[in-house]
Amino acid sequence: MSSRSMRLLAWCVLLALSSGLAGAEDVCDDGGPDAFFPTIEKVVYDPSSRAPLAFRHYNAEEEVCVKEDCRAMKDWLRFSVAFWHTIRGDGSDPFGSPTKSWPWEEGEMSAMARAKVRLRAIFEFLDKLGVEYWCFHDRDIAPEGQTLQETKANLDAIVEQAKELQEKHDKKLLWGTAQLFHHKRYINGAATSPDSRVYAYAAAMVAMAMDATKKLQGQNFVFWGGREGYQSLLNSDIKQELDQLGAFMSAAADYKEEIGFDGELLIEPKPQEPMKHQYDFDVATTANFLRMNNLEGKFKINVECNHATLSGHSCEHELRTASIQGLLGNVDINTGDPQTGWDTDQFLTDPVEATRLMLTILEQGGLGKGGLNFDAKLRRESVDVEDLFYAHISGMDAMARGLKQAAAIINDGSLKAFVDSRYRSFETFDFRQDFKSLSALAMASDVPASTESGSQEKAEILFSMFT
Ligand code: XLS
Ligand code: NI
Ligand code: NI
């Protein structure tokens, strides 16, 4: 932080403390456009640059055409910064204390004054990075109060400030969510808790967070059930818990209609961590949950890549499985570490992987109201504010390469033509027949001695010609 902004902040905190007036910190100057990242200029696209703080592939306004559908890169990709990792991530892990000393955590101040400073930090970050969207949990942006009423008042005040900042900086909310996993009241779950008081409390929190998301014109609202699962089947009635979850999600969908929130509701699957088993295990399990509870058409899915791999799938598999059912709404774009078996939430920097993911996204005509949310964090050892920029830049460049390469594969058409050709025998064959007629057809034909090659290797060449 520059000495000017340090002085301003100190003055401001002093005023807030001495006045004792509620909201006195609102009078604080925001420290100007360089209050938190004074060493960083706006990141620009410069393909020939050797400077790490530049985009070599992401060129926000550059048009990319998928057949006749031409959009600016920023509109295909719809990048979003995650408040919880980028602003609140402190580098702590189960073995060690925080490692970051971010400028927005400096000095003593009330929890609400701090929340307001943090909020200003993300908008400066978004400006300098050139990203349009952000995402939050209610508890990332506003502290919990002593009572539910106070918690609501805190959130309302912060949402008011966020609304102003969104307008001032021309930014948008990709999604909001309720954080129903951190506090010890959620040890046995939120919607799936055996304690009915916790169930009702969780509903109140979702209602509050959805109100906040609506107020900020959020495009989506996410449900990630971190504690919705079990540690042991010996002490759990999973039929009861799944029924509770179904009723809770139905009530959430009704609430959306009641308040006139026109964003998409999204469920984010994850197989485990923190619970040993989580109910929204993967896309297929979540799709089945929606059908069992007559919730088709009311929810889509937010696929997180690192969750996909934790469930034993690839991210590509999860995107495709959601997409073919009309359920792919958003991607939490990150990756794990092949040698580490948990949710390491790393930035996805592999352009070949990015191309595989963008293929599905482009084939379904983009993500609609959804986007690519960087649910990704710095390594514990990365402690400079510049690292936050390096991380997002490499993630954005990788996805931009993925976008261009996937568009080229689709526009070329050879891979699709090859896949289609494998199914050509069905062009003149109705497979929706009963076994009697199929048996009759088989009886009247030659016994198939073999069938043609799958030629995966050829498909790999048709893919790698563009990557
Ligand atoms: C945690 C999840 C979380 C959700 C939002 O693993 O990815 O960050 O995206 O609650
Ligand atoms: Ni996520
Ligand atoms: Ni995650």
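Derivation of every value follows stated rules applied to the coordinates shown; laboratory data play no part. A quick note: this is a predicted structure, and the numbers were derived from the prediction, not measured. Note: ideal-geometry Cβ built from the backbone for every residue, glycine included; neighbour counts use all protein chains shown.
Under the rule of -39500 (n - 2.57) per DSSP H run of 4 or more residues, summed and divided by the residues of the chain, what mean residue ellipticity at 222 nm is obtained, to the nearest 500 deg cm²/dmol?
Numbers: 16 runs with 206 residues, N = 467.
Taken over the chain, the calculation gives -14000 deg cm²/dmol.
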Inset, instruction - Output the relative contact order of the chain, whole-number percent, from Cα pairs under 8 angstrom with separation of 6+ residues. - result: 14 percent
Inset, instruction - Evaluate the charge dipole of the chain about its Cα centre and quote only its size in Debye, nearest 20, assuming +1 on the Cβ of each Lys and Arg and -1 on the Cβ of each Asp and Glu. - result: 200 debye
Legend entry - Restricting region 50-79 to GluC sites (Glu not before Pro) in coil, as DSSP defines it, with at most 12 other Cβ within 10 Å: GLU61, GLU68
Legend entry - Within the chain, longest stretch clear of exposed chymotrypsin sites (Phe, Trp or Tyr not before Pro) (DSSP loop, no more than 13 other Cβ within 10 Å): 96-341
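Take the eigenvalues of the Cα gyration tensor for region 336-396, scale each by 5, and report the square roots as semi-axes in whole Å, largest first. Could the numbers behind the result be given before it?
Numbers: eigenvalues 117, 43, 22 Å².
In descending order, the three semi-axes are 24, 15, 10 Å.
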Legend entry - Estimated FRET transfer efficiency when R0 is 22 angstrom, pair ALA444-ARG422 (beta carbons, to 0.05): 0.35
Legend entry - Among SER101, ALA287, HIS313 - extreme Cα towards positive end, dipole of region 49-412, charges at beta-carbon: SER101
Legend entry - Expected-Rg normalisation [2.2 N^0.38 Å, Cα atoms] applied to region 46-85: 1.46
Legend entry - Gyration tensor (alpha-carbon) shape descriptor, region 171-231, a/c threshold 1.5: prolate
Inset, instruction - Describe numerically, in nm with one decimal, the distance between label points set 7 Å from Cα along Cα→Cβ at ASP350 and at ALA284. - result: 2.2 nm
Inset, instruction - Subtracting the Cα-Cα distance from 0.36 nm times the residue separation, let me have the gained length for GLU160 to GLU41 in nm, one decimal. - result: 40.0 nm
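Apply the Kirkwood formula to region 415-464: the hydrodynamic radius equals the inverse of the mean of 1/r over all pairs of different alpha-carbon atoms; give it in Å with one decimal. List each step's numbers first, then the result.
Details: mean 1/r = 0.0755 Å⁻¹.
Computed over region 415-464, the radius equals 13.2 Å.
Report the gain in length on full extension from ASP434 to GLU257: 0.36 nm times residue separation, minus Cα-Cα distance, nm rounded to one decimal.
Numbers: separation 177, 0.36 × 177 = 63.72 nm, distance 4.22 nm.
My answer for the length gained is 59.5 nm.
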Legend entry - Set of aspartates and glutamates with alpha-carbon distance to LYS215 below 12 Å, sequence-local pairs under 8 removed: ASP156, GLU160, GLU164, ASP262
Legend entry - Furthest towards positive pole of dipole, LEU462, PHE223, GLN346, structure part the chain, Cβ charges: PHE223
Inset, instruction - Compute from the Cα atoms of region 107-223 the Rg and the Dmax, the latter being the longest Cα-Cα distance, and quote both in angstrom. - result: 14.7, 46
Inset, instruction - Would you pull out the residues with amide H under 5 Å of GLU304's amide H, same chain only if 5 or more places away, H placed 1.01 Å from N? - result: ASP332
Legend entry - In region 333-387, the GluC sites (Glu not before Pro) that fall in loop regions by DSSP, at most 11 other Cβ within 10 Å: GLU381
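Send over the per residue convex hull volume for region 79-169, Cα only, as a whole number of Å³. All intermediate terms of the calculation are to be shown ahead of the outcome.
Numbers: hull volume 10.5 nm³, N = 91.
Cα-based convex hull of region 79-169, divided per residue, equals 115 Å³.
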Legend entry - Gap separating the Cα centres of region 133-155 and region 396-467, nearest whole Å: 50 Å
Inset, instruction - Specify the inter-centroid distance of region 268-311 and region 180-195, based on alpha-carbon positions, in whole Å. - result: 18 Å
Legend entry - Unit charges at the beta carbon, dipole of the chain: most positive-side option, ILE333, GLY297, SER421: GLY297
Inset, instruction - Set the Förster radius R0 to 35 Å, insert the Cβ-Cβ distance between GLU296 and GLU106 as r into 1/(1 + (r/R0)^6), and round the FRET efficiency to 0.05. - result: 0.10
Legend entry - DSSP loop trypsin sites (Lys or Arg not before Pro) with at most 12 other Cβ within 10 Å: longest gap in the chain: 68-275
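Report the convex hull volume per residue for region 49-412, counting only C-alpha atoms, in Å³.
Details: hull volume 52.5 nm³, N = 364.
Convex hull volume per residue, Cα atoms: 144 Å³.
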Legend entry - HIS277 versus LEU234: modelled label distance in nm, points set 7 Å from Cα along the beta carbon direction: 1.5 nm
